[in-house]
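Take a look at the structure set out below.
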Amino acid sequence: MGIPRPMNTSGSDGVRVGIAPVVTPPIAVSGLRAALFAWLYVRAHGGTLVLRVADAQGPRIRDELTSLLLENLRWIGIDWQEGPDVGGPHAPYLTSRRVDHYRDGAQRLLDDGIAFRCFCTPEEIEARAQKEKRGRSSQKPTGHRCASISAAEAERRARAGARTFVRLRGDACGRVASDDVVRGRIFVEPPAEAFLVDPDGAPFDGFASAIDEVTMRIDVSFRDDESMPETAVQIRVARALGLSVPRIAHVGEIVGPDGARFGKRHGAATAQSFRRLGYHPRALANFLVALSWSHPDGLERFDPATLDRDFARSPIRREPAVFDFKALNRISAQTIREESPDFLLDRVYPYLLEGGFIDEGGDRARLREVVAVCREHLSCLSEIVKYADIFFGETFIEVKERKLLKRESSRQILVAFRERVERMSDLDAEGFRRTITEVQGATRATRETVLLTLRVALTGQTAGPDVSDVAPVLGPRACAEKVERALHLAHQS
RNA sequence: GGCCCCGUCGUCUAGCCCGGCCUAGGACAGCGGCUUUUCAAGCCGUCAACACGGGUUCAAAUCCCGUCGGGGUCACCA
């Protein structure tokens, strides 16, 4: 059946799709995925992606955090037609700069007796929340003492300079229905006496959405499903103010192998951390989308940017999805393998530099060879450092692998190889193959054993790049040295 | 604890809305094999699921009810 078609309330320029990621905490895979789906939705149906950044809460107006967020969204491949950086007819697109827009709405809610002023300090609120948590109150806690202060009295105190939160009255917090784009009809309920505006006039997410998504003429709003309570607040507020509510798409959550929401305890969950590790952005996008959406043609690998109308042919699944690193690594490895050595070289360079393997402005031709050899074995670009020692340092040979070198047969292989390679001025793939055959003949070892022994001597690992690829890049001299050292190590321990 | 969401192979899913074509299909992982230049990649094969219990029906993964399980949320900050 696919995804329901959008209701276009905004004229001929197509559907207006909104996302409103928060600036802190840093955007994680779930937020990234909600944004990705919004972007795909726009591409499939034609329209405008409107990016509104929720930067009003927490550390206020932190420009670096905002640009980091935009960078991360762009990194994964998303682009938007209206947003803080590109502007648009409904600017500004930062909630911190829209405080004026919220004041009227809040005042009207207050006047109409739908909201009340709460004079409690953050400490008092915190203490109360703790107590409720401990008491495991079964009753919905309503009737907060501030709620019973008369409106006139509350206004007087507020005008006298008291710092207040604006909160939704308990009787306005009942559950409401929403026809969700991914879930169908759902029922949601705002938290008891939900917070709308803080003492500095900064809106809480649901309240900001109620106002902004109407003024920005959003038709469909994508968000991750943790924000369902905020959606409830949005609907309640909008209803009270006589405003419309866009269709909302709650994208299902991403959980770890233990079933708990994928987050810190599973390691890196932020966009930034995947970026730092050097995952291929297209692969991460592919992976995240495929977590809850299957290609109508059964493809498992696809470039989200080329999906276009195909995206609308298949529905977004609502069930929680398990973040499977193996699957991500596989997709990322495949994608990396398809990139040219030059493309990879530029991206791998910082890791080598940072690891102290190379100096600024190193030999590009040699680096390209190294990258070409390692390319098949990278799940993410930072893994290059696992292999960097082979080419740029002293090969480290694991104790476990040294056992192999201790054998008399291994010694014979290494000696035979060294003798030959020492006499060579150049070592290409063909020369290496020939040499191996000679060594094989001289030692009467199997080809497999010869290769494995040399692999350990030259790379220090039993997995990783092929010896037959590594040796030519190292050249005869370095090969001889590494073998010499391996022989030495074998005798030591 | 209140409220909400979710429940098909280990994982991602197809099927569910519109009951029969489902002795439940695919992919990935796992396992086995082939590629005999090793690890990896690639190719071939194989294992494996409708959470449970009631109902409705000639017929249920598909509809209804209940139970169980998992998760989310309950100001901000973390």
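The values are calculated or read from the model by the stated rules, or taken from the named source; none is laboratory data. Every value quoted in this text rests on a predicted model; they were computed, and no experiment measured them. Positions of Cβ are generated from backbone atoms using ideal geometry, with glycine treated the same way; all protein chains shown enter the neighbour counts. All accessible areas refer to the heavy atoms of the entire protein, side chains included, with ligands and DNA or RNA removed. Shrake-Rupley method; radii C 1.70, N 1.55, O 1.52, S 1.80 Å.
If you take the alpha carbon atoms of the range A:425-493 and fit the smallest convex hull around them, that volume is 88 Å³ per residue. Note that the range A:35-49 has calculated 3J(HN,Hα) couplings of 5, 4, 5, 4, 5, 5, 4, 5, 5, 6, 9, x, x, 10, 9 Hz, one per residue in order, obtained from phi through the Karplus relation 6.51 cos²θ - 1.76 cosθ + 1.60 (θ = phi - 60°); glycine and proline are x. By the Cβ distance rule (another cysteine Cβ under 4.7 Å), the unpaired cysteines of chain A are A:Cys120, A:Cys173, A:Cys374, A:Cys380, A:Cys479. For the range A:399-492, with all protein chains in place and a probe radius of 1.4 Å, 46% of the accessible heavy-atom surface sits on carbon or sulfur.
Relative contact order for the range A:422-493: 40 percent, from Cα pairs under 8 Å spaced at least 6 residues apart, divided by residue count. Principal-axis analysis of the Cα atoms of chain A puts helix A:228-241 at an angle of about 30° to the longest axis. Couplings 3J(HN,Hα) for the range A:471-488, derived from phi with the Karplus relation 6.51 cos²θ - 1.76 cosθ + 1.60 (θ = phi - 60°), are 4, x, 5, 5, x, x, 5, 5, 4, 4, 5, 5, 5, 4, 5, 4, 4, 4 Hz, where x marks Gly and Pro.
The residues of the range A:428-482 present an accessible area of 45 Å² per residue when probed at 1.4 Å with all protein chains retained. The H on the amide N of A:Trp293, modeled in the peptide plane, is under 5 Å from the matching H of A:Arg317, each at least 5 residues off or on a different chain.
What angle do you read, to the nearest 10 degrees and between 0 and 90, between the alpha-carbon axis of helix A:99-111 and the longest principal axis of chain A? Roughly 40 degrees, rounded to the nearest 10.
Rg/Rh, computed from the Cα trace of chain A with Rh as the Kirkwood radius, has the value 1.14.
Ignoring aspartates and glutamates fewer than eight residues from A:Lys406 along the same chain, the ones with Cα atoms less than 18 angstrom from its Cα are A:Glu398, A:Glu448, A:Glu481, A:Glu484. Karplus-derived 3J(HN,Hα) values for the range A:221-226, using 6.51 cos²θ - 1.76 cosθ + 1.60 with θ = phi - 60°, are 10, 9, 7, 7, 7, 5 Hz; glycine and proline are entered as x. Close amide H pairs (under 5 Å, H built 1.01 Å from N) link A:Ala249 with A:Val181, A:Ser221, A:Phe222, A:Arg223, residues at least 5 positions away or on another chain. Indicate, rounded to the nearest 5 percent, the antiparallel portion of the DSSP beta bridges found entirely in chain A. So the antiparallel bridges amount to about 45 percent of the total. Its alpha carbons considered, the range A:341-392 gives a radius of gyration followed by a Dmax of 9.5, 26 Å. For chain A, the longest principal axis of the alpha carbon atoms and the long axis of helix A:63-76 meet at an angle near 60°. Under the criterion of Cα pairs below 8 Å and six or more residues apart, the relative contact order for chain A equals 14 percent. DSSP finds beta bridges in the range A:197-353, and of those with both partners inside it, around 20 percent are antiparallel.
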